[in-house]
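J.: Shown below is the structure under consideration.
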Amino acid sequence: MSVAERPEEEAAAAASPGRSLGPRDASPDEGVVEDLPLIDEKAVEQLTEGLISHYLPDLQRSKSALQELTQNQVVLLETLEQEISKFRECNSILDINALKRALKLQQKRQKEELEREQQREKELEREKQLTAKPARRT
């Protein structure tokens, strides 16, 4: 019997009622623990140890690299926080200097305005004095 004939026979047999299951047919209990072959515990242990010994060094190196990366990130964050603090301090100093310059400029303008006002008052007083006054008759 050829391989090409087999699927047809299996399909015909599956369609006929009351047929018996063959060795290649799936059992309704397939996957039940009782159907599993006995497993050699020592073989399982050796395979487990082999698997662990194969992957453990790489995993340990990865863990170490991640720990180093995490520590570097902590140092970087601390350094960044220090730099931000310095930046804020510099900005505060710049703000204070800008306020000082603004205050000096305001004081200068106020002084100039005061001097102009005093000059106007002097001119008004001088004009008053130069204004012709009628002579008193004696």
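J.: Hey, can you tell me all the residues within the range 70-105 that are open to solvent by 100 Å² or more (accessible area, probe 1.4 Å) and over 20 Å from the mean Cα position of the chain (by Cα)?
T.: Scanning the range 70-105 gives K86, F87, R88, E89, L94, L99, K100, R101, K104.
J.: Could you list all residues from the range 111-138 that are open to solvent by 100 Å² or more (accessible area, probe 1.4 Å) and polar (S, T, N, Q)?
T.: Q129, T138
The values are calculated or read from the model by the stated rules, or taken from the named source; none is laboratory data. These numbers were taken from a predicted model, which means no experiment stands behind them. The area values use the complete protein model at the heavy-atom level, side chains included, leaving out ligands, DNA and RNA. Shrake-Rupley method; radii C 1.70, N 1.55, O 1.52, S 1.80 Å.
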